[in-house]
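Here the structure comes first, spelled out in structure tokens, and everything after it is commentary.
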Amino acid sequence: MVKMGDEVIDFIKGRPAFIATSTPDGIPNVVHKGSLQLLDDEHLIYADIFSGKTTENIRNNPNVAISIIDFKNFRGYQLKGKAFLLDSGEIYEKIVKFVENLPMKLPKPKYAVKIHVEEIYDLTPGPNAGKKIS
């Protein structure tokens, strides 16, 4: 069981992310997600509003990779894990409220996507780039 440490948790907060999925036969798809949030020290969540390919990929292959980068300071992390589509319950309602409170008018999320983080990698340039940190 991987727990995100304080450094990774603090880094994630408020940063957009790129979510990579693939079809069962390996065709990749990457999308930007501005709604990524920390659920707890093992899980992330985001709102699925428009992601047709991403949603279909998660249904058929729940393995995802999330890249979170601070382009100004050349730091970053990649988190890998399994994604789950939620269309009801407490986590889903949390995502719905988040989207309702955004300054732009967006449709109600189809799903809250919950990601169980299983691996974390360093993406910061240098000798540890690409190394697994947990």
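In whole Hz, with x marking every Gly and Pro, tabulate ³J(HN,Hα) for the stretch 112-117 from phi via Karplus 6.51 cos²θ - 1.76 cosθ + 1.60, θ = phi - 60°.
With the stated coefficients, the stretch 112-117 comes to 9, 9, 9, 10, 8, 6 Hz.
If amide hydrogens are placed 1.01 Å from N in the peptide plane, which non-local residues have theirs closer than 5 Å to the one on THR23?
Distant-sequence amide H within range of THR23: zero hits.
Residue-wise, which Karplus ³J(HN,Hα) couplings in Hz belong to the stretch 31-41, taking 6.51 cos²θ - 1.76 cosθ + 1.60, θ = phi - 60°, and x for glycine or proline?
Once θ is set to phi - 60°, the couplings for the stretch 31-41 become 9, 8, 10, x, 9, 4, 9, 7, 8, 7, 7 Hz.
Comparing VAL117, VAL64, VAL31, which has the greatest mean-square fluctuation in the GNM of the chain with Cα pairs linked when under 10 Å apart?
VAL31
What do you get for chymotrypsin sites (Phe, Trp or Tyr not before Pro) in the stretch 54-109 restricted to DSSP loop and a cutoff of at most 13 other Cβ within 10 Å of the site's Cβ?
Filter output for the stretch 54-109: PHE71, PHE74.
Mean-square fluctuation check for the chain, GNM, Cα pairs under 10 Å: which of ASN101, ASN60, ASN73 is largest?
Among ASN101, ASN60, ASN73, the largest GNM mean-square fluctuation belongs to ASN73.
So, in nm, how far is label GLU56 from label HIS116 when the simple model puts each one 7 Å beyond its Cα toward the Cβ?
2.6
Give me the angle, in degrees from 0 to 90, between the Cα long axis of helix 90-100 and the longest principal axis of the Cα atoms of the chain, rounded to the nearest 10.
Tilt relative to the chain: about 80 degrees.
Which residue fluctuates most in the GNM of the chain (Cα springs below 10 Å): LYS72, LYS82, LYS105?
Fluctuation is largest for LYS72.
For the stretch 53-121, just say rounded, prolate or oblate: build the C-alpha gyration tensor, square-root its eigenvalues into a ≥ b ≥ c, call rounded for a/c under 1.5, and beyond that prolate if a/b exceeds b/c, oblate if not.
Since a/c reaches 1.5 but b/c is at least a/b, the shape of the stretch 53-121 is classed as oblate.
Please list, ordered by chain and number, the residues whose modelled amide H lies under 5 Å from the amide H of LEU39; skip anything fewer than 5 residues away on the same chain.
Under 5 Å from the amide H of LEU39: LEU44, ILE45.
Bear in mind these aren't lab numbers, they're just calculated from the coordinates by the rules spelled out. Just so it is clear, the model here is predicted, and its values are computed rather than measured. Cβ atoms come from the backbone with ideal geometry, glycine included; neighbour counts cover every protein chain shown.
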